[in-house]
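Asker: Pasting in a structure now, in structure tokens, and then I'll have a few things to ask.
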Amino acid sequence: MGEGEQIARAARKQAIRRKAQRRHMHFYERCSHWSFSRHGEAEPINWHRERWVLAGTALLLTALSGIFLPAWASAMRPTPEPAVHTLLPLTLPKADVTTSAAPAMEDWRVVQVQPGQTLSDIFKDQGLSLTDLQRVMDAAGSARSAFHNIRPHQEFDFLLGGDGSLQGIRFDKDDANRAVVRFNGEHSTLAVQPRAMETREHVAHGAITSSLYAAAAKAGMSQAMVGKLADLFKYDIDFVQDLREGDSFTVIYDDVYRDGSYYAEGDIVAAEFVNQGRRYTAYRYKKDDGHYGWFSEDGRPIQKSFLRIPVDFTRISSTFSAARFHPILGRMRAHKGVDYAAPTGTPIHAAGDGVIKFKGWMNGYGNFVVIQHNGSISTAYGHMSRFANERVGQHVSQGQVIGYVGMTGLATGPHLHYEFRVNGTQRDPQTVTLPKPQPLPAAQLARFESQVVRPQLARLKAMDASIKLAQLGSTTRNDD
């Protein structure tokens, strides 16, 4: 750019500045005292300072407008009117009251029969009368038999109205069915409801260390099931005299559950008992006549022709002997039977099926009974406190009660004197060879062996093998 051009450009700027000063002369006159100088006399404001003042003013106005304008706009905005909603009718399906309404809970009062209670006692305790009991008996129909022999812990459920009137009663018709009787005024209804019954199988093994009950309890068996096990083998094993430490048993048995809860002990399905090294077995089998029985592996009934011990005794007070000092007579004489000491009143059972040949008083025997079982075998029972109701010539079954323990005749304490006679001659009841029962017929025996003995025997052997393996493992760990 040439020097002339620079001079011309400067002259134009100067002319513009003078023109602006003349146009804004009034501003300069009012603000002529403004100065950013710290020296005495103020210099005239120049164009650059003016721009800063104007910019600051504009910024201030912008800020104020940002604060006040929105508030003014909100104040000037009209109040919104509420939205108008239109309600349209909608047809809904009617609810089915019979299916949607929850059934009313009925307050059944559960009553458990206590020992010694009668039905009339139970009804009276519920505020009911003998008339109510008669109404129930009449309405029960085929279930009425459940009222004839009530037992402790049996349950009766009562449904009573607000005024205490009887509206319903529930009770067990039998193990698998429950009867429900309802009353509506003078009318009554009877309904029989089946109960869900099931059996659950268990396997138990025990070894005798002190007693059968202790070993069975350790194996998880109930006392009732232990009693059933002893009943099976009582014909072959004297559980008071014959048990030895180391004897063992293995049992497969059922428990009965009703409606999912434990109800009662079931039956033994198969069992094995080893006593003094001798093995005894028992298997449950349904015979052709529909009845169940227990049989040994060779198909013979477990129930022998004779009970070896016909009373639940506490001890043997005197054994069979050719010469014994008599405690009352004070001299030696033969004792041709076995004396089983037991509390007075203990039931005495017939050792086998037979006919009562004698019943009455017999010298030193006191109250005495003789049963003839067949042409050659008879049994005799002495020192009874009293007889049962059987008469001479009447047939009795094995296990039937024929009298009660006492000490009549020549006796120093209550006991049963028991004799086993063959052709009129006394034999030792503890050692005499009892006749074996007949096995199952050939056709039933074949089914028994294939359907019962083989599968159950396999399970018993598997159980024994697993026990021996566990014992071997325990011995190995102890040796380590």
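Asker: Quick test for you: out of Ala215, Ala270, Ala282, pick the one residue that is part of a strand (DSSP E or B), touching a Ser or Thr at 6+ places or on another chain (Cβ under 9 Å), of a type in the set (A, V, I, L, M) and without any contact (Cβ under 8 Å) to a residue 60 or more places away in the chain.
Answerer: Ala282
Asker: I would also like to ask the following. Select, from Phe325, Phe233, the only residue that is surrounded by 15 or more Cβ atoms within 10 Å (Cβ to Cβ) and either modelled with pLDDT under 85 or among the aromatic types (Phe, Trp, Tyr) (or both).
Answerer: On inspection, the qualifying residue turns out to be Phe233.
Asker: To continue, here is another question. Could you pull out the residue among Phe156, Phe183 that is of a type in the set (Phe, Trp, Tyr), touching a strand residue (DSSP E or B) at 6+ places or on another chain (Cβ under 8 Å) and more than 14 Å from Ile122 (Cβ to Cβ)?
Answerer: Every option except Phe183 fails the conditions.
Asker: OK, next. Sort out which residues of the range 135-161 are outside any strand (DSSP E or B) and either touching a Gly at 6+ places or on another chain (Cβ under 9 Å) or within 13 Å of Val110 (Cβ to Cβ) (or both), and write them in order of number.
Answerer: Residues satisfying the conditions are Pro152, His153, Gln154.
Asker: If you don't mind, there's one more thing I want to ask. Before we move on, is Val370 aliphatic (A, V, I, L, M), farther than 19 Å from Gln426 by Cβ and not in a helix (DSSP H, G or I)?
Answerer: no
Asker: Among the residues of the range 106-134, how many are in contact with a helix residue (DSSP H, G or I) (Cβ under 9 Å, 6 or more places away or on another chain) and assigned to a loop (DSSP other than H, G, I, E, B)?
Answerer: 6
Asker: Now, a different point. When residues of the range 389-410 are filtered for being surrounded by fewer than 19 Cβ atoms within 10 Å (Cβ to Cβ) and under 22 Å from His373 (Cα atoms), how many remain?
Answerer: Looking only at that region, the number is 11.
Asker: Can Thr199 be described as part of a loop (DSSP other than H, G, I, E, B) and within 28 Å of Lys461 (Cβ to Cβ)?
Answerer: In short, no.
Asker: Would you tally the residues in the range 218-265 being over 16 Å from Thr199 (Cα atoms) and free of Cβ contacts under 8 Å to residues at least 40 places away in the same chain?
Answerer: 14
Asker: Report, ordered by the first and then the second residue, all pairs with beta carbons closer than 7 Å, sequence separation of six or more or different chains, a first member in the range 144-168 that is assigned by TED's automatic domain parsing to the domain that holds Leu133, and a second member that is of a type in the set (S, T, N, Q) and not in a loop (DSSP other than H, G, I, E, B).
Answerer: Cβ pairs passing all conditions: His153/Gln112; Glu155/Gln112; Leu159/Gln167; Leu160/Gln167; Gly161/Gln167.
Asker: Please find, among Gly164, Gly220, the residue that is of a type outside the set (Val, Ile, Thr), at positive phi, under 26 Å from the mean Cα position of the chain (by Cα) and assigned to a loop (DSSP other than H, G, I, E, B).
Answerer: Gly220
Asker: Hey, another quick one. Among the candidates Asp236, Asp255, which residue alone is of a type in the set (D, E, K, R) and more than 22 Å from the chain's Cα centre (by Cα)?
Answerer: After ruling out the rest, the residue left standing is Asp236.
Asker: Another one. Residues to consider are Arg315, Arg278; find the one that is loosely packed, with under 14 Cβ neighbours inside 10 Å and either in the same structural domain as Leu416 (by TED's automatic domain parsing) or closer than 29 Å to Pro414 by Cβ (or both).
Answerer: Answer to the check: Arg315.
Asker: What single numbered condition from (1) in a loop (DSSP other than H, G, I, E, B); (2) surrounded by 18 or more Cβ atoms within 10 Å (Cβ to Cβ) fails to hold for Gly246?
Answerer: So the condition that Gly246 fails would be (2).
Asker: Among the residues of the range 349-377, what is the count of those that are touching a residue at least 24 places away in the same chain (Cβ under 8 Å) and either basic (Lys, Arg) or under 21 Å from Ile302 (Cα atoms) (or both)?
Answerer: Final tally of qualifying residues: 10.
Asker: Here is a further query. On the basis of being surrounded by fewer than 17 Cβ atoms within 10 Å (Cβ to Cβ), in a strand (DSSP E or B), at negative phi and hydroxyl-bearing (Ser, Thr, Tyr), does Tyr257 make the cut?
Answerer: Considered against the rule, which asks whether it is surrounded by fewer than 17 Cβ atoms within 10 Å (Cβ to Cβ), in a strand (DSSP E or B), at negative phi and hydroxyl-bearing (Ser, Thr, Tyr), Tyr257 comes out as yes.
Asker: OK, next. In the range 383-423, how many residues are modelled with pLDDT under 90 and at positive phi?
Answerer: 0
The values are calculated or read from the model by the stated rules, or taken from the named source; none is laboratory data. Remember, predicted model here, so these are calculated numbers, not experimental data. Heads up, the Cβs are rebuilt from the backbone with ideal geometry, glycines too, and the neighbour counts pull from every protein chain shown.
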